[in-house]
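S.K.: Here it is: the structure, laid out below.
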């Protein structure tokens, strides 16, 4: 009886361990282009053998790129870089045969749009009260 119980436990543990095997990587980017002079978060999801997708970090992945510098999942592109696109490669630390490459374009236009101030976005309570009583 005891041997049967141990055998069942071993089989269950083997099933659980095999279900956690990561078999492929996918990029899940928040934007269609990267910005110069700032950190750009590169989101990578892993697909497991049981069909689940989970986000991965630099703890599990090796990040490389033909330009810029990685800090964790974030790629910093210097504002002086003169290329149109970068090739980002991620590989699984535990099995470098599992990898994915992605070409990502760099934004060409400058971000010179003026952002609204806090007062423009959320008028103060005094302004709301005074306009409300004027009606």
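A short reminder: the numbers here are calculations on the coordinates, not readings from a lab. What you see is a predicted model; the values in this text were computed from it and never measured. Virtual Cβ from ideal backbone geometry, glycine too; neighbours counted across all protein chains shown.
S.K.: In what order do 53, 30 fall by count of nearby beta-carbon atoms within 10 Å, going from fewest to most?
M.R.: 30, 53
S.K.: I need the shape label for region 59-123. Rule: rounded when a/c is under 1.5, else prolate if a/b > b/c, else oblate, with a, b, c from the alpha carbon gyration tensor. Mind dumping the intermediate values first?
M.R.: Numbers: a/c = 3.51, a/b = 1.94, b/c = 1.80.
Cα axes put region 59-123 in the prolate bin.
S.K.: Would you mind ranking 70, 99 so that the residue whose beta carbon has the fewest other beta carbons within 10 Å leads the list?
M.R.: Fewest to most other Cβ atoms nearby, the residues stand as 99, 70.
S.K.: With n ≥ 4 as the cut-off for DSSP H runs, can you work out [θ] at 222 nm for the chain, using -39500 (n - 2.57) per run divided by the number of residues, rounded to the nearest 500? Mind dumping the intermediate values first?
M.R.: On the way: 3 runs with 31 residues, N = 135.
Using -39500 (n - 2.57) per qualifying helix, the result is -7000 deg cm²/dmol.
S.K.: Please figure out what share of the DSSP beta bridges in the chain is antiparallel and state it in percent, rounded to the nearest 5.
M.R.: 95
S.K.: Assign one of three labels to region 21-110, namely rounded, prolate or oblate, based on the Cα gyration tensor with a ≥ b ≥ c the square roots of its eigenvalues; rounded applies when a/c is under 1.5, prolate when it is not and a/b is larger than b/c, and oblate otherwise.
M.R.: Since a/c reaches 1.5 and a/b is larger than b/c, the shape of region 21-110 is classed as prolate.
S.K.: With labels modelled as points extended 7 Å from the Cα through the Cβ direction, what inter-label distance (nm, one decimal) is found for residue 78 paired with residue 62?
M.R.: 2.5
S.K.: Next up: When 93, 36 are ordered from fewest to most other Cβ atoms inside 10 Å of their Cβ, what list results?
M.R.: Starting with the residue having the fewest Cβ neighbours, the order is 93, 36.
S.K.: Something else about it: Compute the length gained on full extension between residue 93 and residue 21: take 0.36 nm times their separation in residues and subtract their Cα-Cα distance, giving the result in nm to one decimal.
M.R.: Gain in length upon complete extension: 24.6 nm.
S.K.: Suppose R0 equals 35 Å; then what is the FRET efficiency for residue 116 and residue 33 from their Cβ-Cβ distance, rounded to the nearest 0.05?
M.R.: Efficiency, from the Cβ-Cβ distance: 0.90.
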